[in-house]
Amino acid sequence: MKYVDEFRDPERAAVLIAAIGDLARSLDRARERPLHIMEVCGGHTHTIFRYGIANMLPAEIELVHGPGCPVCVLPMGRVDDCVAIAEAPGVIFATFGDAMRVPGSRKSLLQAKAEGADVRMVYSPLDALALAHENPQREVVFFGLGFETTMPSTAFTVLQAEAEGVRNFSLFCNHITIVPTMKAILDSPDLELDGFLGPGHVSMVTGTRPYEFIARDYYRPLVVAGFEPLDILHSLWLVLKQIVEGRCEIENQYGRVAPRDGNSAAQDAIGKVFELREFFEWRGLGSIDHSGVRMREAYAAYDAERKFAIPALHVADPKSCQCGEVLKGAIKPWQCKLFGAGCAPETPLGALMVSSEGACAAYYQYGDLEGLRAKRAANAA
């Protein structure tokens, strides 16, 4: 594991932290607030908290957690649709594990399973296709979700099902796109962001070109970042260096994995199977134009939304749940009144406490819970 160890080297981390501090001290001392740098991807959030990166940074820099957790941004109404499909007669509903406990308005998929629905955890859409082969008399529905990172594997599975003539397999498509989401964040009037750590795994598929509008139209620097501690620190240094020098560019720190033009084979598969929806509803962000995909008419036979009658209702989150504010970066997880009290991994009220990439789960797993609770109490007083 030498290669990974090189990206976790404490001595190199100390050099980067010192360099970040030097740049931060060169900033205009008249600033009334710290620099707000958003890490878009939930994987970055977990690295930041697992390795204590936020505590190493100077006071001039504040990290803001973004909406890059696909499980977290699913609205309750879509979870209800999943449950409705799973409870239909003769259905095997296949899903990734972290989606099973996301609360709907009535129940989660895990609760539906406990009540008799045949909900099965899989590790890839190909596992769901294998279930269709093994159960030819039943309809197998795969819960497709995720950004452009996971879209290709879902698209290739649909293409394989077509090639093999499998007719008892379908997809409940909840795949979402990153660029309209970032534009919605940049257009939000209650957010002041100075730069971004761009998503590494998404960029592996899309490349870095789609982010160029952020520097061109919004004058914000973005650095596509890897997921190891030194990746995060190096990317923060690159963002900060742009700000200090008055530049706004799209840089790629994760070039060893994410090429500028992305993966053309993956992009072709996505374009063949999917098309943009007019709009898609996001938890906390509302409806965002062209931010989700659906299956093209040519693949209607594999579209669960056409095969099954689903409620397709808008369901508001509980008023006490502040997942939306956390997703937008408006508050930190610990500022939610339910964090660590009414909402915990064993008893989640919001998706951010469930997902392996959720900001609330990161704070809960790696944070100082007692210290956070005391901080929240002090702020309330």
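Under 5 Å from the amide H of residue 118 lie the amide H atoms of 93, each residue being 5 or more positions distant or on a separate chain, with H modelled from the backbone and absent for Pro and chain starts. Residue pairs exceeding 25 angstrom between C-alpha atoms, taken from 241/337; 113/307; 183/241; 113/337; 107/337; 183/307: 241/337; 113/337; 183/307. On the basis of the beta-carbon distance and an R0 of 56 Å, residue 256 and residue 33 show a calculated FRET efficiency of 0.95. Computed 3J(HN,Hα) for region 167-184, one whole-Hz value per residue from the Karplus formula 6.51 cos²θ - 1.76 cosθ + 1.60 where θ = phi - 60°, is 10, 9, 10, 8, 10, 9, 7, 10, 5, 10, 10, 7, 5, x, 5, 5, 5, 4, glycine and proline marked x.
At a Cβ-Cβ separation cutoff of 4.7 angstrom, cysteine residues of the chain with no neighbouring cysteine are 41, 82, 173, 248, 321, 323, 336, 343, 360. Summing Cβ point charges (Lys, Arg +1; Asp, Glu -1) relative to the Cα centre of region 1-137 gives a dipole of roughly 240 debye. For region 134-214, divide the Cα radius of gyration by the Kirkwood radius and give the resulting Rg/Rh value with two decimals. We get a ratio of 1.14 for region 134-214. Rounded to the nearest 10 degrees, what's the angle between the helix 369-380 long axis and the longest principal axis of the chain, both from Cα atoms, 0 to 90? The two axes meet at around 70 degrees. Under the criterion of Cα pairs below 8 Å and six or more residues apart, the relative contact order for the chain equals 22 percent. Extension gain, residue 22-residue 9: 0.36 nm per intervening residue step, less the Cα-Cα distance, totals 2.7 nm. Computed from Cα positions, the angle between helix 264-273 and the longest principal axis of the chain comes to roughly 40 degrees. Separation of region 244-291 from region 181-204 is 11 Å, based on Cα centroids. The phi-based Karplus calculation (6.51 cos²θ - 1.76 cosθ + 1.60; θ = phi - 60°) puts the 3J(HN,Hα) values of region 244-251 at 4, 8, x, 9, 9, 9, 9, 10 Hz, whole numbers, x for Gly and Pro. How would region 184-337 be classified by its alpha-carbon gyration tensor: rounded, prolate or oblate, with rounded meaning a/c under 1.5 and the a/b versus b/c comparison settling the rest? Since a/c reaches 1.5 but b/c is at least a/b, the shape of region 184-337 is classed as oblate. Shown for 85, 288: other C-beta atoms within 10 Å of each C-beta, ranked fewest to most, produce the order 288, 85.
Of the GluC sites (Glu not before Pro) found in region 152-232, the ones in coil according to DSSP and having at most 16 other Cβ atoms within 10 Å of their Cβ are 192. When the helices in the chain are scored as -39500 (n - 2.57) per DSSP H run of 4 or longer and the sum is shared across all residues, what 222 nm value do you end up with, to the nearest 500 deg cm²/dmol? About -11500 deg cm²/dmol. Within the chain, DSSP assigns beta bridges of which about 20% are antiparallel (rounded to the nearest 5). Footprinting exposure proxy ranking of 222, 129, 352, fewest other C-beta atoms within 10 angstrom first, gives 129, 222, 352.
Read-outs: derived from the displayed coordinates by stated rules, not from any lab. Owing to the predicted nature of the structure, the values given are computational and were not obtained by experimental measurement. Every residue, glycine as well, gets a Cβ built from its backbone with ideal geometry; the counts of neighbours run over all protein chains shown.
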